[in-house]
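A.B. asks: Attaching a single structure in structure tokens format; questions to follow.
The values are calculated or read from the model by the stated rules, or taken from the named source; none is laboratory data. Keep in mind the model is a prediction, meaning the values are calculated, not measured. Cβ coordinates were reconstructed from backbone atoms using ideal geometry, including for glycine residues, and neighbour counts include every protein chain displayed. Areas reflect the complete protein model, heavy atoms only, side chains present, ligands, DNA and RNA absent. Shrake-Rupley method; radii C 1.70, N 1.55, O 1.52, S 1.80 Å.
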Amino acid sequence: MEKYYNECVQNLDYQINELSVEIEDRMQLAQEVIKLLIKCLADLKQEVMKSGFKDEEEEIYFFKKLKPIILSKLICYNAVFKIEAKKPYGGKKVLDEYFSAELTKLKRFYDNNKEFYSYYRTNSSYLDHKYFVRGNYDIVLSLDTFYFETDHSFSTSHDYKVAKILANDRIQVFLEEQLNNNNITNRTNDISLNWTGSKVALIELIYGLNAQGVLNNGNADIVAIVRFFERSFNVDLGDFYHTYMELKSRKITQTKFLDSMREALIRKMDEQDER
């Protein structure tokens with residue numbers, strides 16, 4: 001299943017990148033990408049119905065880690081389309097109020113789901129057999145009403161909620177970029193630094209900083225960190241989470257860049273001591 005999923009995502013990312021180059025209008029781009037995402041999810045569902053899962057662990061992994069990534073993209077692009085479609089005409093104040101109101105909606109979702117946010121963000125697993133196994137829902141565990149109307153052959157009680165969390169991270173970054181666009185432009189005009197290493201190396205560095213908890217006392221979201229580095233170093237990291245999954249699957253060295261950086265720093269220190 002994971003092999004089929006990875007091929008599906010790889011093809012999807014390629015098509016999205018192609019569309020991003022061809023289409024500048026955000027609403028038109030969102031419409032086209034949404035079509036791709038709906039088809040991708042339909043194909044995934046067909047594969048699940050045909051092949052199933054070898055055990056409960058594989059099923060949990062699919063509905064907790066894999067499906068939400070694609071579903072989150074669908075939620076995000078749909079949200080961006082709606083935000084752009086409803087965007088009022090007016091000056092900076094009008095637009096700031098509009099985007100701030102959209103951010104408030106995200107905050108409301110967080111407030112209503114704090115307990116599950118904590119469970120998911122801390123990589124807890126003691127309730128996975130209820131959250132991410134089909135048919136094992138528990139009415140006590142903060143179920144959304146729409147769950148009862150979903151196709152339970154391809155949904156669990158909380159896979160959508162994970163996707164919503166991931167999507168909201170991206171939507172938040174999008175809204176904050178709209179709010180801060182002018183300030184960002186002014187600041188980046190003063191100095192320009194370009195990342196000249198590999199994108200994989202930068203993603204490894206970002207996840208290392210996130211794991212160390214050194215940004216915002218460990219409360220900085222990975223998506224926000226990625227977007228900050230992209231803006232600061234003029235680089236597009238693409239589907240960074242997929243790259244991170246590839247880093248995890250390395251058989252020899254998972255932290256190749258960080259290990260190399262450590263060795264380079266120690267070597268430089270030694271050379272300076274010898275002078």
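A.B. asks: Please go through segment 91-107 and give me each residue that is more than 23 Å from residue 165 (Cβ to Cβ) and either of a type in the set (Lys, Arg) or within 25 Å of the chain's Cα centre (by Cα) (or both), ordered by number.
C.D. replies: 92, 93, 96, 98
A.B. asks: Within segment 87-105, count every residue that is out of contact with any Asp or Glu (no Cβ under 9 Å at 6 or more places or on another chain) and either assigned to a helix (DSSP H, G or I) or modelled with pLDDT of 95 or more (or both).
C.D. replies: Residues flagged as out of contact with any Asp or Glu (no Cβ under 9 Å at 6 or more places or on another chain) and either assigned to a helix (DSSP H, G or I) or modelled with pLDDT of 95 or more (or both) within segment 87-105 amount to 12.
A.B. asks: Going through segment 3-31 one residue at a time, which ones are among the basic types (Lys, Arg) and either within 20 Å of residue 61 (Cα to Cα) or open to solvent by less than 60 Å² (accessible area, probe 1.4 Å) (or both)? Give the derivation first.
C.D. replies: First, the residues of segment 3-31 that are among the basic types (Lys, Arg): 3, 26.
Across segment 3-31, the qualifying residue is only 3.
A.B. asks: Quick test of your reading of the structure: residue 88 fulfils all but one of (1) within 24 Å of residue 162 (Cβ to Cβ); (2) touching a helix residue (DSSP H, G or I) at 6+ places or on another chain (Cβ under 8 Å). Name the failing condition by number.
C.D. replies: Result: residue 88 fails condition (1) only.
A.B. asks: When the residues of segment 222-252 are filtered to those that are more than 30 Å from residue 178 (Cα to Cα) and open to solvent by 50 Å² or more (accessible area, probe 1.4 Å), which remaining residue is modelled with the lowest pLDDT?
C.D. replies: Narrowing segment 222-252 to residues more than 30 Å from residue 178 (Cα to Cα): 246-252.
Now narrow it down to the ones that are open to solvent by 50 Å² or more (accessible area, probe 1.4 Å): 246, 248-252.
On the way: 246: 85, 248: 85, 249: 84, 250: 81, 251: 75, 252: 79.
The extreme case among them is 251.
A.B. asks: I'd like to verify a number: residues in segment 246-263 that are free of Cβ contacts under 8 Å to residues at least 60 places away in the same chain, closer than 15 Å to residue 198 by Cβ and of a type outside the set (S, T, N, Q), how many?
C.D. replies: Residues flagged as free of Cβ contacts under 8 Å to residues at least 60 places away in the same chain, closer than 15 Å to residue 198 by Cβ and of a type outside the set (S, T, N, Q) within segment 246-263 amount to 7.
A.B. asks: Of the residues that make up segment 127-147, is at least one surrounded by 13 or more Cβ atoms within 10 Å (Cβ to Cβ) and among the basic types (Lys, Arg)?
C.D. replies: Yes, segment 127-147 contains at least one residue that is surrounded by 13 or more Cβ atoms within 10 Å (Cβ to Cβ) and among the basic types (Lys, Arg).
A.B. asks: Continuing with the same structure: Give me the pairs: first residue in segment 206-232 and basic (Lys, Arg), second residue open to solvent by less than 40 Å² (accessible area, probe 1.4 Å), beta-carbon distance under 8 Å, and six or more apart or on different chains, which are they?
C.D. replies: Correct list of pairs: 227/173; 231/184.
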